[in-house]
Amino acid sequence: MSKQPRILLTGFTPFGNEDINPSWEAVRELEGRHIAGHVVVARLLPTIFAESRRELGLMVDEVAPAILLGVGQAGGRSRLSLERVAINVQDARMADNAGVQPIDEAIVADGPAAYFSSLPIKAMLKALLAEGVPAEVSNTAGTFVCNHVAYLMLHLAARHHDLRAGFIHIPYLPSQAARFPNAPSMAQEDVVRGLIIALQVAATQRTDDRFGAGALD
Ligand code: PCA
C-alpha cells in the first residue's frame, strides 16, 4: 500500500426492507481516490452489531488510517448529516442482519456515555453548503448499528493519538425514496461530491470553525 496517510471510509450492507444501501454505493466509488494528500480505502461493514465491531477492529489494524469516516443510511433525513456525537448504548428498534436485537446494552462496558466527533464538523458543514450540497449537524446517530460503529470509531480515536474519526448519515437514494410518499432523497453523485468535500476539509483542518449550527429538537 502507498506511504500516503490513509482515510478509511466505510459503508454498510443493506438492512431492513432495503436491497441497496446508499452508503456503500457512494463509498465504493471513492476507493483509491486521492484527497488532500491522503488515499481513500473504502470498506463494507455488515449491518450486524457483533460482526461490524470485529471487522472494524481488523480493518483499522490493517489499514492504520489517519482518518476514519463511517457512512450510513438514515432514511427520512434530507441532508448529509454530520454526526456530532455517538452514545454508549445499543437499543435496536429492529433486529440486525443476524437477527440480533440488543436492548439498552452498553457498547463498551465502563466506556464514557458519549464521544464527540473528532472531525471539524462545522468547517465541513460550511464547505458543503458553500458548494451547494445540503448538509446539517446532527445531534443523534440513533441507537442502532451506525451509532454503535460511530461510538467504536471514536473509542479507537480516543486511544490512538494519530487517528481522528467521525460519522455521516446520508438520505435515501431517489430509487429508494420513490416507494414512499414525501420521502426525501439525494442523488448518488451529490452524496459522493459531498463526501469528497467533507474529507478535503477533514484532511486539511484540525481545529473546527466556531459558528452556531445547533438545533432546538
Ligand atoms: N444505517 C443504519 C445501520 C446501517 C445503516 O446504513 C443505522 O443508521 O444505524
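Can you list the GluC sites (Glu not before Pro) in the range 4-65 that are in a DSSP coil and have 10 or fewer other beta carbons within 10 angstrom?
none
Could you work out the relative contact order of the range 111-209? I mean the mean sequence separation of Cα pairs under 8 Å and 6+ apart, divided by the number of residues, in percent.
40
For the chain, what number results from the quotient of the Cα radius of gyration and 2.2 N^0.38 Å?
0.94
Please tell me the relative contact order of the range 79-129 in percent, rounded to the nearest whole number, where contacts are Cα pairs under 8 Å and at least six residues apart.
42 percent.
Can you check what the net charge comes to around P184, using other residues whose Cβ is under 9 Å from the Cβ of P184 (Lys, Arg +1; Asp, Glu -1)?
Net charge in that neighbourhood comes out at +2.
Arrange S23, S81, S175 by Cβ neighbour counts within 10 Å, fewest through most, would you?
S175, S81, S23
For the peptides 95-103, 192-200, what is the packing order when you average, over each peptide's residues, the other Cβ atoms within 10 Å and list the highest mean first?
Ranking, from highest mean packing down: 192-200, 95-103.
Which order results if H161, H155, H38, H169 are arranged by neighbouring Cβ count within 10 Å, fewest first?
With the sparsest Cβ surroundings first, the list reads H161, H155, H38, H169.
How big is the gap, in Å, between the Cα center of the range 3-59 and the Cα center of the range 93-138?
The range 3-59 and the range 93-138 have Cα centres separated by 15 Å.
What list do you get for T207, T10 if you sort them by fewest beta carbons within 10 Å?
Neighbour counts put them in this order, fewest first: T207, T10.
Only sites in a loop by DSSP and with at most 15 other Cβ atoms within 10 Å count here; which trypsin sites (Lys or Arg not before Pro) in the range 46-152 make the cut?
R93
Given an 8 Å cut-off on Cα distances and at least 6 residues of separation, report the relative contact order of the chain as a percent.
It comes to 26 percent, rounded to a whole number.
Roughly how many nanometres apart are two label points built 7 Å out from the Cα toward the Cβ at D104 and Q188?
Placing both labels 7 Å along Cα→Cβ, they lie 4.2 nm apart.
Given the Cα-Cα distance of D209 and L156 and 0.36 nm per residue of separation, how much length would full extension add, in nm?
Full extension from D209 to L156 adds 16.7 nm.
How much length is gained on full extension from V63 to L216, taking 0.36 nm per residue of separation minus their Cα-Cα distance?
Contour length minus Cα-Cα distance gives 51.2 nm.
Every read-out reported here was derived from the displayed coordinates using simple, explicitly stated rules and does not represent laboratory data. Keep in mind it's a predicted model, so treat the numbers as computed, not measured. A quick note on method: Cβ atoms are made from the backbone with ideal geometry, for glycine too, and the neighbour counts reach across all protein chains shown.
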